[in-house]
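One structure is given here, and the rest of the page talks about it.
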Amino acid sequence: MLTIVNQAGTQSLGSMNVTAPAGFTVNNSVTPFPSGSSISGGLIKLRNLNITAGSTQDFNISVNVPCQSPGSSAWMITAKQSNDFNGPPGNAFTLVAPSVLTTPVAGSCKLVFVKHPANAQVNTKITSVADDPNGAEVTVEVHDASDQLITTATGSVTLDDDPSSSTTPFSGTTSSLAGGIATFSFLKSSATGTYTLVASGDGFTSSDPSHSFTISDFGTICQVNTTCTGTAGTGKTKTSVTSTGIHTETTLAITMLSAGDLPSGVCAGFTPLAGSQGVAVDVSTPPDLTRVTITLDKSIVNAKPDNGASKFDVCFGGIKVGSPGTSFTTKSGAPATFDSGTGLWWGLLPDCSGTLTQPCVESRNKTGSGNVVIVFDVPNPWDLKGYGG
């Protein structure tokens, strides 16, 4: 609201120019709006006012204010007696105290994830489509209190781990705003894991955490009614995963894990070999059967004194989808052990026999080159995370 009081003795106030503070944008909404008036950016030209001496006129002005606090929130006003802002200097009006021409700006705009990061492979572009570097890019928008996009917002937006850490595996985390939108075209992670991100920027309220997403050593989108295969490897351990009986389009992800990632107190008698890696496999829609093949290089095998193929076991952690309280029978014949830290049942897998109803080892073989190859099966509805060594 702008209130003009004509304190002149006899002269009428006919026209004035009103200039908004830097960063303010005047909407095409000023009432009343006399004939001959106009608006251009932050300048309002009011004409044919005819505000008589001693009279008051109110103007309702709608503006967009910047997200960041402006250097000055003071408006400027020049006024003249003439209705068309013309005439000699003598017909100009002068502001008198106590004129108040400031508009305080409080609060800030907020950042909002519009396209969230999705599952991706390590060192591969992260988009909003799982395991698809060509998918729609991750985007963050600047919104006002009504959750509307602010196209005039400027500056940059940065993505950080949530919770924040001193080191981050992510790169390509800063993007400049264009039309109030930050697009992340080079977002990647150099490390596997499950993450959420938070967007922040000067003058903006930080976003809520993004959707959770997983970075894996291998990831692919599996089509309906196909056999889906993926291969990953770390050091001298290689893993191949084949899932059959895919019922809906889904994602197959493989993450290689170090021996130290094995929960403590599970798989009694199982000691991972130095240099060996475990494998975590995630199939978002459990298929009929997932088969995991782990190949241990001979350099790892030879570190074990008694290294016949039969001496290599699989320490498995998994959950039965729909029946999370269900255990499986371990190699010793005892029920698997539940680990509250991972939320999975853990134990050494038995050998497969008959119709598959639970995870089991299909085969163990030593190749002519001295590598050991272990194959284990995970039938639906088991969802797995497994370690072999």
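How about region 294-333: which of its residues are β-branched (V, I, T), crowded, with 19+ Cβ neighbours inside 10 Å and within 23 Å of H247 (Cβ to Cβ)?
If the condition is that a residue be β-branched (V, I, T), crowded, with 19+ Cβ neighbours inside 10 Å and within 23 Å of H247 (Cβ to Cβ), then I319 is the only one that fits.
Among residues belonging to region 352-370 that are outside any loop (DSSP other than H, G, I, E, B) and out of contact with any Leu (no Cβ under 6 Å at 6 or more places or on another chain), point out the one that is farthest from L296 (Cα to Cα).
E362
In region 171-225, which residues are assigned to a strand (DSSP E or B) and aliphatic (A, V, I, L, M)?
A178, I181, A182, L197, V198, A199, I215, I221, listed by residue number.
For region 174-198, which positions are out of contact with any Leu (no Cβ under 9 Å at 6 or more places or on another chain), of a type in the set (G, A, S) and surrounded by fewer than 16 Cβ atoms within 10 Å (Cβ to Cβ)?
Within region 174-198, S176, A178, S185, S190, A191, G193 qualify.
Can you tell me which residue among T255, T250 is touching a residue at least 40 places away in the same chain (Cβ under 8 Å) and in contact with a strand residue (DSSP E or B) (Cβ under 6 Å, 6 or more places away or on another chain)?
T255
Would it be correct to say that S276 is surrounded by fewer than 21 Cβ atoms within 10 Å (Cβ to Cβ) and in contact (Cβ under 8 Å) with a residue 24 or more places away in the chain?
no
Is at least one residue of region 342-350 out of contact with any helix residue (DSSP H, G or I) (no Cβ under 6 Å at 6 or more places or on another chain), outside any helix (DSSP H, G or I) and β-branched (V, I, T)?
yes
Look through K304, K366, K320 and report the one residue that is in the same structural domain as D261 (by TED's automatic domain parsing) and either among the hydroxyl-bearing types (S, T, Y) or touching a Pro at 6+ places or on another chain (Cβ under 7 Å) (or both).
Exactly one of K304, K366, K320 is in the same structural domain as D261 (by TED's automatic domain parsing) and either among the hydroxyl-bearing types (S, T, Y) or touching a Pro at 6+ places or on another chain (Cβ under 7 Å) (or both), namely K320.
Testing D202 on (1) without any contact (Cβ under 8 Å) to a residue 40 or more places away in the chain; (2) outside the structural domain of N380 (by TED's automatic domain parsing), one condition comes back false. Which one is that?
(1)
Given the options T196, T183, T234, name the one that is touching a strand residue (DSSP E or B) at 6+ places or on another chain (Cβ under 9 Å), of a type in the set (S, T, N, Q) and outside the structural domain of D161 (by TED's automatic domain parsing).
T234
Yes/no per residue for (1) under 16 Å from C67 (Cα atoms); (2) in contact with a Phe, Trp or Tyr (Cβ under 8 Å, 6 or more places away or on another chain); (3) without any contact (Cβ under 8 Å) to a residue 24 or more places away in the chain:
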| residue | (1), (2), (3) |
| --- | --- |
| V140 | yes, yes, no |
| T152 | yes, no, no |
| S156 | yes, no, no |
| P163 | no, no, yes |
| T168 | no, no, yes |
| T174 | no, no, yes |
| L177 | yes, no, no |
| F186 | no, no, no |
| G193 | no, no, no |
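When you check P286 against the structure, is it touching a helix residue (DSSP H, G or I) at 6+ places or on another chain (Cβ under 6 Å) and touching a residue at least 40 places away in the same chain (Cβ under 8 Å), yes or no?
No.
Report yes if G201 is buried (at least 21 other Cβ atoms within 10 Å of the Cβ) and farther than 26 Å from H143 by Cα, otherwise no.
No.
Within region 189-223, how many residues turn out to be of a type in the set (D, E, K, R) and more than 15 Å from D160 (Cβ to Cβ)?
Result for region 189-223: 1.
Being within 18 Å of K320 (Cβ to Cβ) and not in a strand (DSSP E or B) is the filter; apply it to region 268-308 and report the residue that is modelled with the highest pLDDT.
Among those residues, the one meeting the criterion is D288.
State which residue is modelled with the lowest pLDDT when the search covers only region 356-370 and only residues that are loosely packed, with under 14 Cβ neighbours inside 10 Å and within 42 Å of the chain's Cα centre (by Cα).
T357
State all residues of region 240-253 that are in contact with a Gly (Cβ under 8 Å, 6 or more places away or on another chain) and within 30 Å of P163 (Cβ to Cβ); if no residue qualifies, say none.
T251, L252, A253 - these are the residues of region 240-253 that are in contact with a Gly (Cβ under 8 Å, 6 or more places away or on another chain) and within 30 Å of P163 (Cβ to Cβ).
The values are calculated or read from the model by the stated rules, or taken from the named source; none is laboratory data. Note that the structure is a prediction, hence the values are computed from the model and not measured. No Cβ is skipped: glycine too gets one built from the backbone with ideal geometry, and neighbour counts run over all protein chains shown.
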